[in-house]
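What follows is a single structure, written as structure tokens, with notes after it.
The values are calculated or read from the model by the stated rules, or taken from the named source; none is laboratory data. What you are looking at is a predicted structure, and each value in this text was computed from that prediction instead of being measured. Glycine also receives a Cβ, built like all others from the backbone with ideal geometry; neighbour counts cover every protein chain displayed. Heavy atoms of the whole protein, side chains included, go into the accessibility calculation; ligands, DNA and RNA do not. Shrake-Rupley method; radii C 1.70, N 1.55, O 1.52, S 1.80 Å.
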Amino acid sequence: MVTLDTKQFDNWIDRLSEDKNIQQIKRLTEVISSDAEPEVGQTPKEVIWTKNKSKLYRYQPAIKKTNKVPILMIYALINKPYILDLYPGNSLIEHLTNKGHDVYLLDWGTPGYEDRNMKLDDYIVDYIPRAVSKVLKTSKAKDITLLGYCMGGTMTAIFTALYPQLPIRNLILMTSPIDFKDAGHYSNWLDKRYFQLDKLVDTLGNIPFELIDFGNKLLNPISNVVGPYISLADRVENEDFVLNWKLMQKWLNDGIPFPGESYRQWIRDFYQDNKLINDQLTVRGRKVELANIKANLLNISATRDNIALPQQIAPLNDKVSSKNKTLHIVETGHVSVVTGRKAINEIHPYIEKWITDNSK
Amino acid sequence: MTQTTSFDAFTMWKNVYEKTESTWRDAIQDTLGKESFAESLGQIQSQYLQYQGFVNKMTESYLKQANMPSRDEIANVASLVINVESKVDDLEDQMDVYKIDTSREIEQLRKGLNNLDKKLDKVIELLNKSIVAQNTPKVTDGPLTTTALNATSTKK
């Protein structure tokens with residue numbers, strides 16, 4: 001009879017489960033595969049207007065509004081609305097509403113195939129003016145502050161230039177590209193000779209988010225694809241870090257399709273022909289002249305931003321007619337200008353103070 | 001004196017990553033910035049779109065034969081709904097303008113009526129005064145006074 005002594009093996013297994021590396025691997029696997037996603041966009045809100053898939057939200061309506069100038073936020077067409085209201089304690093919207101500002105956000109919604117013909121013109125002329133009107137009516141205010149993030153900021157700047165008669169007191173742009181003369185690698189990849197824009201739009205209708213995301217990740221492939229997982233593995237035992245990591249990943253990987261005609265226009269008129277800064281852009285037949293912008297301007301640029309490069313942002317300040325204009329440069333990246341420790345501690349309070357100072 | 005260091009896989013991965021990233025970063029960025037890279041991307045894109053176009057055509061053809069609505073047809077129905085919604089939105093906007101105009105007109109009418117009311121009050125007041133003045137005997141100094149008084153007493 002053969003007897004097998006498994007005591008040593010059992011001991012090894014027991015020791016293994018106590019091993020720091022094994023525990024880290026276990027937690028890492030949980031975070032990547034089975035942990036629930038964090039609940040985003042938690043600041044209470046009500047819908048005050050809808051159009052097609054778009055919704056206009058008013059945040060924390062129950063809180064007393066001490067600042068009389070309402071704020072309307074407009075974000076990029078490929079993002080989801082929660083990016084400006086990421087998580088309690090890590091939300092620009094929550095910060096502003098807690099300080100007594102009346103905050104509204106225009107949610108673009110997720111475009112369907114039937115929206116593939118929507119142009120930037122449609123969003124700028126049919127949606128934003130109505131939203132502004134609804135905000136002014138709801139808040140009973142005489143002036144408005146507009147805040148645009150990324151491409152949403154570019155659209156907001158165009159809108160402000162097209163409607164100088166509207167009571168736009170303040171214009172805040174966060175990492176919003178205006179000059180596309182040097183858009184980094186995009187200038188090379190979107191070269192008219194090689195990039196088949198028309199064929200792409202005609203074949204796909206709406207441009208899938210994955211395609212846009214592929215381009216963004218390709219800007220810095222190793223650090224964008226592998227880097228986040230290395231950071232996670234390194235600090236997986238820190239629950240605060242894990243939460244922030246999950247939030248960042250949700251933001252980055254949870255986009256929506258780009259409406260086809262808007263994409264065609266965005267790539268051709270902006271990246272390929274650089275029309276906006278040169279006063280050559282027309283929106284529904286009307287010429288867009290940035291010099292028509294007279295509102296107080298806060299233009300925020302991030303030094304480590306590789307999507308909207310600092311040189312694409314700064315030239316706006318030389319074009320506008322605003323007497324009060326500020327170019328605020330922060331040492332951070334495209335996403336961390338809105339979320340994360342630096343945003344919470346420095347950028348959100350800076351924006352809040354600027355709005356308060358310019359709303360009296 | 002001996003020092004024992006336990007093997008830490010995560011630290012090793014991190015070191016490997018950092019060294020690899022720093023070594024390859026510049027080379028990768030150089031490659032990404034080359035025109036030949038953009039050309040290659042364009043070729044990959046072209047092949048992908050050719051394949052996707054073929055799949056789209058095949059799917060559409062199959063759906064047609066199976067008597068099933070294509071994506072375009074469903075999208076057309078959605079567009080019709082969106083158009084109707086758009087018209088409702090326009091109507092709502094016009095109603096808002098109409099409401100504002102109507103309330104402004106009503107307010108103006110109310111003010112006009114108030115003014116008219118005040119003017120009418122004045123007219124009535126003046127008329128009353130005039131009637132009272134007509135019915136009241138004139139009291140003046142001198143012989144007329146006596147005559148007037150006599151007339152009043154005769155009436156009584």
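What the table below lists for this structure:
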| quantity | calculated |
| --- | --- |
| Qualifying positions in the stretch A:172-194 - surrounded by 20 or more Cβ atoms within 10 Å (Cβ to Cβ) and either more than 8 Å from chain B (Cβ to nearest Cβ) or part of a loop (DSSP other than H, G, I, E, B) (or both) | A:172, A:173, A:174, A:175, A:176, A:177, A:178, A:179, A:180, A:183, A:186, A:190 |
| Single match in B:55, B:88, B:132 (criterion: among the β-branched types (Val, Ile, Thr), at pLDDT 95 or above and open to solvent by less than 100 Å² (accessible area, probe 1.4 Å)) | B:55 |
| Residue tally, condition facing chain B (nearest Cβ under 9 Å) and open to solvent by 50 Å² or more (accessible area, probe 1.4 Å), over the stretch A:198-208 | 2 |
| Residue among B:82, B:100 that is at the interface with another protein chain (Cβ under 10 Å from one of its Cβ atoms), surrounded by 11 or more Cβ atoms within 10 Å (Cβ to Cβ), hydrophobic (A, V, I, L, M, F, W, C) and under 20 Å from residue A:260 (Cα atoms) | B:82 |
| Filtered residues of the stretch A:36-59 (kept if of a type in the set (D, E, K, R) and either within 12 Å of another protein chain (Cβ to nearest Cβ) or open to solvent by 50 Å² or more (accessible area, probe 1.4 Å) (or both)) | A:37, A:39, A:45, A:46, A:51, A:53, A:55 |
| Members of the stretch B:12-24 found to be at pLDDT below 85 and exposed (fewer than 13 other Cβ atoms within 10 Å of the Cβ), listed by number | B:12 |
| Residues that are without any contact (Cβ under 8 Å) to a residue 60 or more places away in the chain and assigned to a helix (DSSP H, G or I), drawn from the stretch A:201-222 | A:202, A:203, A:204, A:210, A:211, A:213, A:214, A:215, A:217, A:218, A:221, A:222 |
| Residue among A:83, A:71 that is in contact (Cβ under 8 Å) with a residue 60 or more places away in the chain, crowded, with 20+ Cβ neighbours inside 10 Å and in contact with a strand residue (DSSP E or B) (Cβ under 6 Å, 6 or more places away or on another chain) | A:71 |
| Within the stretch A:1-89, strands (runs of 3 or more DSSP E) holding 3 or more residues that are under 30 Å from residue B:86 (Cβ atoms) and not aliphatic (A, V, I, L, M) | A:45-51, A:54-59 |
| Selection within the stretch B:58-72 - over 16 Å from residue A:203 (Cα atoms) and either open to solvent by less than 50 Å² (accessible area, probe 1.4 Å) or within 14 Å of another protein chain (Cβ to nearest Cβ) (or both) | B:63, B:66, B:69 |
| Selection count, the stretch B:57-107, where residues are of a type in the set (Gly, Ala, Ser), over 27 Å from the mean Cα position of the chain (by Cα) and part of a helix (DSSP H, G or I) | 1 |
| Residue match in the stretch A:246-261 (condition: in contact (Cβ under 8 Å) with a residue 12 or more places away in the chain, out of contact with any helix residue (DSSP H, G or I) (no Cβ under 8 Å at 6 or more places or on another chain) and surrounded by 19 or more Cβ atoms within 10 Å (Cβ to Cβ)) | yes |
| Residue within the stretch A:209-227 that is within 9 Å of chain B (Cβ to nearest Cβ) and open to solvent by 50 Å² or more (accessible area, probe 1.4 Å) present | yes |
